[in-house]
Structure formats: structure tokens, C-alpha cells
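*Asks:* My structure is below; once you've seen it, I'll send some questions.
Taken together, the values in this text are just the output of simple stated rules run on the coordinates, not laboratory data. Bear in mind that the values here come from a model prediction, so they are computed numbers and not experimental data. Here the Cβ positions follow ideal geometry from the backbone for every residue, glycine too, while neighbour counts run over all protein chains shown.
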Amino acid sequence: MSEKQKLVVIGNGMAGARFVEDLLARGGGNQFDIVMFGDEPYGNYNRILLSGVLSGTHQAQDIFINSLAWYEENNVKLHAGVRVQRIDRITKTVIGADDIAESYDKLVIATGSSPFVPPVEGIKSDEREGNKDGVFVFRTLDDCDGIAKYAENAKSAAVIGGGLLGLEAARGLANRGVETHVVHLMGHLMDVQLDGKAGKMLRNSMEQMGVNVHTEKATTAILGNGHVTGLQFKDGSALECDMVVISAGIRPNTQLAKDAGLAVERGIVVDDTMTTDDPDIYSVGECAQHRGMVYGLVAPLWEQTAVLADRLTGRKTEAAYTGSKLSTKLKVMGVDLAVMGRKEPENDDDEVVLYSEPSRGVYKKLIVRDGKLLGAMLLGDTSTAATLLQSFDRGSELPENRAELLFDLSGETKSQSVADLPDDAQICNCNGVSKGAIVGAVKGGCTSLKKLCDATRAGTGCGACKPQVEEILQFSAGDLLTEDASAHYYVPGVPLAKPELIAAIQAQNLKSVSAVFAALANGKEDPGSKAGLASLLKTIWHDQYEDERDARFINDRVHANIQKDRTFSVVPRIYGGVTSPDELRRIADVADKYQVPMVKITGGQRIDLLGVKKEDLPGVWKDLGMPSGHAYTKAFRTCKTCVGSEFCRFGVGDSTGLGIQIERKFQGIEFPHKLKMATTGCPRNCSEATTKDIGLIAIEGGKWEVVVGGAAGSKVRKADLLVTVDSHEDALLYTGRFMQYYRANAKYLERTYDFVERIGIEKVRQVVVEDSEGIAAQLDADIEAAVAAYVDPWEEAHTPQHPSQFVNLLSAKETAQIRSLQPAYGD
Amino acid sequence: MLTETLSYVVFNLGNLNRIPLGEGREYQIGDEEIVIFRARDGVVYALQARCPHREGHLADGITGDGKIVCPMHSYKFELATGAPVGNDCQALKTYPVRISQAGEILLEWPSVTK
Ligand code: SRM
Ligand SMILES: Cc1cc2nc3c(=O)[nH]c(=O)nc-3n(C[C@H](O)[C@H](O)[C@H](O)COP(=O)(O)OP(=O)(O)OC[C@H]3O[C@@H](n4cnc5c(N)ncnc54)[C@H](O)[C@@H]3O)c2cc1C
Ligand code: SF4
Ligand code: FES
């Protein structure tokens, strides 16, 4: 028999799961047998990031916090998908669905809250149980899924409620290409946090991103038979729409506690130790009411779980929760908004510091009492939010010159402003991570943003502090800084993951890089994103792609690889590494004629002419009369071969023949990164096929093994077996199908070795070989289309794309005119 | 306030359309190399041609959002002011430039006389 006490937790959400983590971190695993109930059939996820999932910046699978395995590893018994129906305080037992019962010594209620659905006519379906088609709330992953799916076929959507959550939902819907309306009961958006002026400016910002805002509208009915067709308002007006998301506030889930006879007002009443009026029952999270307050944000409830864990484990028997100061940020891409504390002055001598610049959408307001910050609102420019939040949280004395609080007066870069904060300043307000802890982790080797966030948990809550975490990373990592290809976005400048980006590009028919920036990035042309977008658009549109050369890296403008002295290298294609005396002679002649400083045999079984001047490129290509080897771009490079069955005494397959066939077929096709292949005539692997992106290995019996995801560059990885085939046709088929799957799903600059590892070879095999998603035929068709659209870029030797494509220096002439000016020039 | 006379020589760098949209090209002015960028939003910039980091030719870089990214090691600079972005190189020199009625690039090259 265990001598441990038994602890039962109802609720596996942000508070319940966090509490168990806190408890385990304090050694609670040795003191308690832990049992949890959660209404959802999986582990727990980050509810805050649902907004990101809806707007497409996050994938559902990326927001999970603990997998089912985590519970097992930590000896936590989780009843996933089991709803608790009753608490029997006499027998000290919790009873759930299917009569699952667990006795407890200590019980924690963390049931969170449910969306409040106002009494509006026409919500319920006439025909069946539940809501009319097209009516949604926004609280769970399932809700999010339902909204996203329905939005695919909807032309317009209305969000009832213009608070934080409603606006995030609206932005998400707008991102999905649906005409979006926000219907708000009060006079201005986010009326709980903002004053009228700020609300009005926020409205402008929302409208600028295509969200229509209707204020002072009381919805009386949802129209439509069977499915939503519109909204009816009290003032007699109406709005047509195909779907509705109701976001009108939340109501704590208190029924269980009420039925058990615990004290319940708005929430389950707890004291400073998070204990209810039953000394063995506690409550944390959105369902709890503390000193009259019920909180709807994560920061307070994470303070609560820490206090409760401290007490239950005896780590800090004096720990007490005394309430939280509220601050929040709006997670709507394109709107910078941070608010904290009060929104209006209360006493006559409260000081109000105000700055307003409507033309830029900037509004800042501070409420100061006795030299301390009581509240702040920053819209349009949140550069001083971190500093203000510090003063607000600590109640510290503000500087005499209030302007310092509104503007980055120093004119220094932001990194210095974060650099100036003391070590104990809290950066991540979701997870309570201090600047010191972040700096420590960087020094300890976390030199990429992702590693750092993973290690410290900073930025893993709502994500709003990520820019600051990044700044700290930048100044404390210095040269050691490593890049992480912007964790979720396909390119940094367009905040969409690849599938959503592709969907948006297709839905809106965006065929050029500038069209994508205009439609999906508020017109901001991020130079670091251009090349990635160009590559993607080419993949999506093939020959319909509107090529803008300035979006390409120099190598892809002139189809050669730039060298440190601005000369270029020329690597003609030599299919399968097999050449001829005639080809070699031409290469030699070109090297002579253009005085090429170095002729080198590459590691890719071909010849590199290094040090060619930009102006000479067209001439070199013409004289070579060979197609481009694409040694300069993110595309299919080479297929290395070995001599194989034709000559080698061990060869069991025609690796040279197959290699040539492959290279002829797939030459020049663009990929998210370069793609290299090899064919080898037997498992001795002379062409190193087992460490290529795709390798084909001949084995006895006329068969070929197709292996993928190998590497022997900065990383070494043995390729995984995808499938074994018995003909060249099938080898080509699966090669092409895998290629297309990689093209369509990899992030920009993700080599196959990372891609295969991320997706998992099992999954890759299911899709590519077993056709588990029914997309094989489409993948085959897409890669064939890419093959068909291929044009040798070196043809531009004959038809340059612009007269100055290969010109470095243009001529200038001095005009006779010399002007003299008093007193200054540059008018 | 100003005691010296500021005057400048105007160089005609030819028609703007000799530079592809969004790209840059170099010109030799006296002993100096300069680069003209023709940004996608229609603004034209004149700056020193070489990157202060390791002499990369900025003309081969990628422009966007008012910035130029050097093709060699991706250092970034503001096109309008030449100021470094996220690196501590010296700022690039910038020169006044305008476009004539006929679409020609007119570079105003300072020559100061006391
Ligand atoms: C020419 C060559 C070296 C040689 O003299 O043999 C070469 C030269 C360069 N390699 Fe390589 N790599 C060459 C074979 C390889 C190989 C071996 C192979 O292909 O069998 C590898 C390991 C396999 C691989 O690709 O992983 C290789 C791994 C790399 C990497 C590391 C890639 C990685 O993800 O680990 C880079 C850097 C990158 O891609 O970001 C790189 C980048 C480069 C660049 C393009 C650097 C640059 O951006 O300027 C070099 C260009 C020189 C030029 O202008 O020609 N090169 N490079 C080889 C050309 C092969 C060809 O004919 O196409
Ligand atoms: C889209 C969205 C965006 C948000 N963004 C932010 C933000 O940016 N910043 C911020 O601070 N806050 C944000 N919030 C609010 C934040 O998510 C909540 O404050 C937080 O999730 C509350 O945690 P909780 O554990 O109390 O409730 P929940 O996370 O809702 O967890 C409740 C748990 O209890 C379970 N449960 C309930 N009843 C039962 C039962 N009878 N039996 C078994 N299990 C039960 C549920 O299944 C769930 O596991 C956002 C909320 C949403 C919906
Ligand atoms: S190993 Fe390094 S130096 Fe050598 S060619 Fe490859 S990238 Fe250049
Ligand atoms: S030379 Fe410009 S970044 Fe190195």
C-alpha cells in the first residue's frame, strides 16, 4: 500500500495541467498519487494559441503542451475524455462518466469556464439537437476546427462581441479570406480595457485590415432555417452572413462545486490559500473566485497554481495568493496594443498623461497616482510596454519626465532598452520568466530562439513577449546567435505557415512576390522573405508564375554562383557524371577563351569553371553549348552515379543508366532547398547514395531500394528506406512522388534530412507509398507539370531577361550644368 | 550660418529603366563607385557601392521595405540614410538623386568650395 496521499484534479486545461507540473517540479510526485480528469480525449494544449491556429500562424499539432506519454512518464493517471459528473464529499469520491470513480484525500477543481451565449433567438437548430449550422463559440480546439472548416465554404462571417477574443477570432477569419464583421454591443471595441478614443483607433486599424466593425448593435436573432443566413439587430437593421462566432464573455464552470454544496458566487469561492470552504478541496483557474475577482487570463492563474503547489508540497507553507494586477496584449497581427490596470482616472488628483496621433494610429495614455503607474494603454506603438509593465507590476516610482515613459527617447535601438532592465525584471508574463533566467539560458548554450523558448518557457504562452526574448538573445548571444527558420512561418515576413500560405496564395490568385506582400503582409516587402516566396510561387504556378527578378538572390538572377570577388562559377550539367571527349574539349576551349582562373572537378562528379566575370556568362554558356547544372540554386542538383552493372564486377543494377534518366527528367526543378541524388549499382555504395536526399541502391534480384533523407554535409544522417521497387519506371515514380511531397510540405530552406525527420519516415511512407491521404495521383501530376515547365535558364544567353541583366557598371555622363546654391543643398 | 558655398555637379546616369525594377546598378563617378537602387515603390536611392563589411557589391543584393541586404553575408542597411540595421558597420554614404521629366536619373554630386 502506498503511503502517499491521493490527489485528484478535475480539469486538464491551462490551470489544472500547470498545477500538476508545478507540483511535480516541487517533488510532489513522491508525496501524492496524482489522478486527473479532462474532458478532452488527449493531453493538454495551449488554449491561448487557438487564436494562432485560427489565423493560420500555428498548426494544431504545434500547440500541444503535454502528450499522453508525458502523463505516463510522470506517473500521473489521466482520465482523458472522461467528464466528471459528481463530487461526493461524504465518501470523498469523484464520479465521472461510465461510472469511473476515484477517491481523494485532496481535490483540486480546475474546470475553467465556458463561453457565455446570450439569449438570442434562433441559435438552436429546429431539426436536431445542438446549434444551427454555422453557429460557433470559440473556446476549444474542436471549436477552432469547426470554424476553420465551415469558413472554407463561407463568404461572410460575423463575430458577436468586440472584446479581445472576438477581435482575435475576427482576424483569424479574415485571414482565411472570409468577409468578416464584428458586431459589438457597446459604443467601442474592447470597452473593458480601452477608453473611447483608443477604441475608435483600434476600430480604424481593424477596418484597415478588412474587418468591418458595427458598434452599438444588440443582436436579437440569428436568421436562417437549418443554417445561418444573417443576424437581426434590436434597432431593426440586419446583416447577411453565412456563419456566426459568439464571443460574448465567459461563465465559470461551477456546477460541480455548487452541486457538492461548496460556496459558489460568480466562481467557486477560495481564500488566499486557494482553499474552498471544504479544507480538502481547492480551486484554481477561471472557475475560482478570489477576493471577489474571477480572472480570465493565464498570468493570474499561474500565480495561483504556484501558491497551491507550494502549500500542498510543504515547500512554502506560508505561500499566499493576494490577487493579480491585470495586463494584456492583443494578439492580432498588424495591431500593436498593450493595456494594463485602470483605463480612466478615479480621483481628482490622478494624473493623466496622454499622447495621440490618429494619422499614424498611435494613442498612449497613462494614469498616474502619487508618482506610480495605475494604468496604461498603448496602441500603435508598444515600444515602451516592457518598461511600463515593470513599473506597473512593482509599483515603482516613475521618472519625473513622463515623456520617457511614452517614447524611446534615447533614440537607441530597442535591444538596449531591454538591456537596461535589471536581471530580475520579468519578461515573459505568462510563464513568469525573468531576464536573468533568459540570459542564463543563452549563456548555457541556447543560442536559437526556439531552443531558448523551449528551455525557459519564455514566449511559449501567448507569445507576445517573443520580440523581447529575441532581443535578449541577440545581445547576449552575440556572434553565437543561431537562426531558426522562424519556427512556424514559411518566410519571416509573411506570418503564415506553409499550408495556410499556399491556401491563401491559391485562393487569392497571387502570382507574383509583390502581390503576396500586398495581400498578405500589409504591403511590407520584407527583403529576407523574397527569395523564399519566389521559390514557392514557382512551385505553385509553374509557367503561370509572374517572375520578378529582384525577388531572387543574385545567383538566381544570373544563373551562376557568386564568389567573394564578384566573379561567378559555372557548372554545366553532366548527366550522371558521364561526359564525352567532345564535351571536355568544349569546356577546355571555353576555359582558354575566357581565361578562367580555375577549372575544378567537383564533389558532384562534374566540372566547375570558377572566376568567370558576370559580363562573360552569356558567352561562356553559348560556347559551352551545355545546359545549366544548377549548382547555384535551391533546386535539383546532380545525380551522382557509380559505374554499376555495365562495367563493375559487383554491379547488380544499371546505376549509370538510371542516374542519367533521373537527371534528365528532374533537372532544374526548384525545391525548398537543394536536392541531391545518387544511384549506386550495389550496396557497396560507391556514389554515397545512402547519404543523399534521395538515393537509389541496386540490390540482387533486379530491385532498387529508394532511400530518402540522407545527409553528409554539415549534418550526417543515413537515409531511411522508403520503398523497394523492381523497375526503373517505379524508381522514377517514387522518386518524383517523394520530391513533390517534399516540395509541397517542407519549410523554406528545410533539407530533406530535416523534413523526413520532422514528418517521420512512417508518415512519409504512408502518404507516398501507401497513398493514405489519396493524394498520390495529384503528387504525380504536379511533379510532371514541373518537369514539363522546365526551361534551361542558360537560354537567357540568347534572350536576356533585361538588357542590363549581366551588366555590373552602367555609364554616367557629367552634364554641363553646375548649380551653385546658398545656403544649403539638397532641396 | 553657412560660410562656404555648396555647389554640385549634376551627373546624368541615363534612363531609369536601364535598371530593372527592384534592383540596383553601379556607376563610376570620378574616383568613386556608387550604386543606384530603383525600389519597387518607385523611390530611387544613391549610395556608396561597396559594403563596409567586406566590400560586397550591394548592387547584387535584395531590396525591400526601404532596406538593402548585402549579397555576401546578408548585412542590412537603410536605403534612405545608409544606416546599418542590426550590425555595427559604418553607415553607407548617400547622395541626393532625382528623376528628370524625361525619366533620367540625375545625381547631385557635391563639390564644396570655401
Ligand atoms: C563545388 C563544390 C565543392 C567542390 O569543389 O567539389 C561545392 C561548392 C559549394 N558548396 Fe557544397 N559543393 C559541392 C559539393 C557538396 C557536397 C557533396 C556532394 O554534393 O556530393 C556536399 C555534401 C552533401 C550535401 O549537399 O549536404 C556539400 C555541402 C554543402 C553545404 C552544406 C549543406 C547542408 O545542409 O549540410 C553548403 C551550404 C548550404 O547549402 O547552405 C554548401 C555550399 C556550397 C557553396 C555553394 C557555397 C556558396 O554559397 O558559395 C559552394 C559554391 C562554390 C561554387 O561557386 O561553385 N555545400 N557540397 C561541390 C559541387 C558539387 C556539384 O557538382 O554540384
Ligand atoms: C482563443 C483564446 C485566446 C486566449 N488568449 C489569451 C491570451 O492571449 N492571454 C491570456 O492570458 N489568456 C488568454 N485566453 C484565456 C485563457 O486561455 C484562460 O484564462 C485559461 O485557459 C483558463 O484556464 P483554466 O484551466 O482555468 O480553464 P481551461 O483552460 O478552460 O481548462 C478547463 C479544463 O477543465 C476541463 N473540464 C471542465 N469541466 C470538466 C468536467 N466536468 N470534467 C472533467 N473535466 C472538465 C476541461 O476539459 C479543461 O481541460 C484565451 C482564451 C481563448 C479561448
Ligand atoms: S566546403 Fe566550404 S569552402 Fe569548401 S566549397 Fe563547400 S562551402 Fe565552400
Ligand atoms: S560584404 Fe556585405 S555583408 Fe559581408
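*Asks:* Using the Cα centre of segment A:200-334 as the reference point, and only Cβ charges (+1 on K/R, -1 on D/E), how large is the resulting charge dipole? Debye, rounded to the nearest 20.
*Replies:* Details: 14 positive and 16 negative charges, 98 e Å.
Here segment A:200-334 has a charge dipole of around 480 debye.
*Asks:* Next up: Which ordering of A:Ile662, A:Ile90, A:Ile540 is given by a fewest-first count of other beta-carbon atoms within 10 Å?
*Replies:* So the residues, fewest neighbours to most, are A:Ile90, A:Ile540, A:Ile662.
*Asks:* Let me ask something else. About the Cα centre of the protein assembly as shown, how large is the charge dipole given +1 on each Lys and Arg Cβ and -1 on each Asp and Glu Cβ? Please answer in debye to the nearest 20.
*Replies:* On the way: 103 positive and 127 negative charges, 270 e Å.
So the dipole magnitude of the protein assembly as shown works out to roughly 1300 debye.
*Asks:* Here is a follow-up. Peptide A:541-553: average number of partner chain Cβ atoms within 10 Å per residue?
*Replies:* Working: counts 0, 0, 0, 0, 0, 0, 0, 5, 4, 14, 5, 3, 5.
What the average comes to for A:541-553 is 3.
*Asks:* Students often forget the sequence filter, so: which lysines lie under 20 Å Cα-Cα from A:Lys149 once same-chain residues fewer than 8 apart are removed?
*Replies:* Hits, sequence-local ones excluded: A:Lys124, A:Lys132, A:Lys498.
*Asks:* Using a 10 Å cut-off around each Cβ, can you sort A:Leu54, A:Leu194 from fewest to most neighbouring Cβ atoms? Write down the numbers at each step before the final one.
*Replies:* Details: A:Leu54 25, A:Leu194 22.
Lowest to highest Cβ neighbour count: A:Leu194, A:Leu54.
*Asks:* May I pose another question? When you look at the Cβ of every residue in B:11-24, what mean number of other chain Cβ atoms sits within 10 Å?
*Replies:* Numbers: counts 4, 6, 4, 4, 1, 0, 3, 6, 5, 9, 5, 10, 9, 1.
Rounded to a whole number, the mean comes out at 5.
*Asks:* With unit charges on the beta carbon (Lys/Arg positive, Asp/Glu negative), name the residue among A:Val578, A:Val491, A:Leu536 whose Cα is farthest towards the positive pole of the charge dipole of segment A:489-585.
*Replies:* Checked the options; the winner is A:Val578.
*Asks:* Now for a different question. Would you work out which of A:Val599, A:Gly267, A:Val764 lies farthest towards the positive end of the dipole of chain A, given +1 charges on the beta-carbon of Lys and Arg and -1 on that of Asp and Glu, about the Cα centre?
*Replies:* Farthest towards the positive pole: A:Val599.
*Asks:* Rg over Rh of segment A:135-248, using C-alpha atoms and the Kirkwood radius, what does it come to?
*Replies:* Values: Rg = 13.2 Å, Rh = 13.9 Å.
Rounded to two decimals, Rg/Rh equals 0.95.
*Asks:* Follow-up question, since we're still on this one. Which whole DSSP H helices in chain A pass both tests: a Cα extent of 24 Å or more along the axis and a mean Kyte-Doolittle value no lower than -1.0? All intermediate terms of the calculation are to be shown ahead of the outcome.
*Replies:* Working: long enough: A:728-745 (26 Å, -0.85).
Result, helices passing both filters: A:728-745.
*Asks:* Also, quick follow-up: Hey, got the dipole for segment A:593-680? About the Cα centre, +1 on K and R Cβ, -1 on D and E Cβ, debye to the nearest 20?
*Replies:* Numbers: 14 positive and 8 negative charges, 38 e Å.
For this selection, approximately 180 debye.
*Asks:* Cross-link candidates for A:Lys92: which lysines have Cα within less than 23 Å, leaving aside residues fewer than 8 places away along the same chain?
*Replies:* Output for A:Lys92: A:Lys4, A:Lys6, A:Lys77, A:Lys106, A:Lys258.
*Asks:* Separate question: Points 7 angstrom from Cα along the Cβ direction at A:Ala712 and A:Val599: gap in nanometres?
*Replies:* Reported label-point gap for A:Ala712 and A:Val599 is 2.7 nm.
*Asks:* List the equivalent ellipsoid semi-axes of segment A:651-799 in whole Å, largest first, each obtained as the square root of 5λ for an eigenvalue λ of the Cα gyration tensor.
*Replies:* Working: eigenvalues 96, 74, 54 Å².
Semi-axes (√(5λ), whole Å): 22, 19, 16.
*Asks:* So, one more: Lys and Arg at +1, Asp and Glu at -1: add these up for the other residues within a Cβ distance under 14 Å of A:His227 and post the number.
*Replies:* Details: positive: A:Lys124, A:Arg128, A:Lys132, A:Lys149, A:Lys155; negative: A:Asp126, A:Glu127, A:Asp133, A:Glu240, A:Asp242.
Overall, the nearby charge balance is 0.
*Asks:* Related question: Can you give me the pair-distance distribution of segment A:263-313, C-alpha pairs, 5 Å bins, whole percents?
*Replies:* Values per bin, smallest distances first: 5, 24, 35, 24, 10, 2.
*Asks:* For the pair A:Ser804/A:Ile95, report the inter-label distance in nm, with labels modelled 7 Å from Cα in the Cβ direction.
*Replies:* With each label point 7 Å from Cα toward Cβ, the separation is 8.4 nm.
*Asks:* Between their Cα atoms, which of A:Lys640/A:Lys715; A:Lys200/A:Lys329; A:Lys329/A:Lys364; A:Lys524/B:Lys76; A:Lys329/B:Lys67; A:Lys450/A:Lys511 are more than 21 Å away from each other?
*Replies:* Values: A:Lys640/A:Lys715 19 Å; A:Lys200/A:Lys329 17 Å; A:Lys329/A:Lys364 14 Å; A:Lys524/B:Lys76 16 Å; A:Lys329/B:Lys67 29 Å; A:Lys450/A:Lys511 32 Å.
From A:Lys640/A:Lys715; A:Lys200/A:Lys329; A:Lys329/A:Lys364; A:Lys524/B:Lys76; A:Lys329/B:Lys67; A:Lys450/A:Lys511, over 21 Å: A:Lys329/B:Lys67; A:Lys450/A:Lys511.
*Asks:* Looking only at B:Glu23, B:Glu32, B:Glu104, which one moves most when chain B is put into a Gaussian network model with springs between Cα atoms under 10 Å?
*Replies:* Taking springs between Cα atoms under 10 Å, the residue moving most is B:Glu32.
*Asks:* Please rank A:Val76, A:Val294, fewest neighbouring Cβ atoms within 10 Å first, as an exposure proxy. Before the final figure, lay out the partial values.
*Replies:* Values: A:Val76 23, A:Val294 20.
By the 10 Å Cβ count, ascending: A:Val294, A:Val76.
*Asks:* Also, I was wondering about something else. For the protein assembly as shown, build the charge dipole from Cβ charges (+1 Lys, Arg; -1 Asp, Glu) around the Cα centre, then report which of A:Ser514, A:Ser811, A:Ala306 sits farthest towards its positive end.
*Replies:* Going by the charge dipole, the pick is A:Ser811.
*Asks:* Here's another thing I want to ask about it. Label points 7 Å out from Cα along the Cβ direction at A:Arg86 and A:Arg266: separation in nm?
*Replies:* The two pseudo-label positions are separated by 3.2 nm.
*Asks:* Report for chain A the percent antiparallel among DSSP-assigned beta bridges with both residues inside it, nearest 5.
*Replies:* Values: 73 of 120 bridges.
In chain A, approximately 60 percent of DSSP beta bridges are antiparallel ones.
*Asks:* Additional query: Which of the aspartates and glutamates could be linked to A:Lys674 by a straight reach, that is with a Cα gap under 15 Å, when you skip same-chain ones fewer than 8 residues away?
*Replies:* Correct list for A:Lys674: A:Asp556, A:Glu663, A:Asp693, A:Glu750, A:Asp754.
*Asks:* I need the GluC sites (Glu not before Pro) found in segment A:68-130, filtered to DSSP loop residues with at most 12 other beta carbons within 10 Å of theirs. Don't jump to the answer; show the numbers that get you there.
*Replies:* Numbers: sites: A:Glu72, A:Glu73, A:Glu102, A:Glu121, A:Glu127, A:Glu129; in loops: A:Glu127, A:Glu129.
Here the sparse-neighbourhood loop sites are A:Glu127, A:Glu129.
*Asks:* Once you have the Cα-Cα distance between A:Arg251 and A:Lys564, take 0.36 nm times their residue separation minus that, and quote the gain in nm to one decimal.
*Replies:* Working: separation 313, 0.36 × 313 = 112.68 nm, distance 6.40 nm.
Gain on extension, A:Arg251 to A:Lys564, equals 106.3 nm.
*Asks:* Less than 13 Å Cβ to Cβ from A:Asp126, Lys/Arg counted +1 and Asp/Glu -1: what total charge do the surrounding residues give? Walk me through the numbers before you get to the answer.
*Replies:* On the way: positive: A:Lys124, A:Arg128, A:Lys132; negative: A:Glu121, A:Glu127, A:Glu129, A:Asp133.
Charge balance in the 13 Å sphere: -1.
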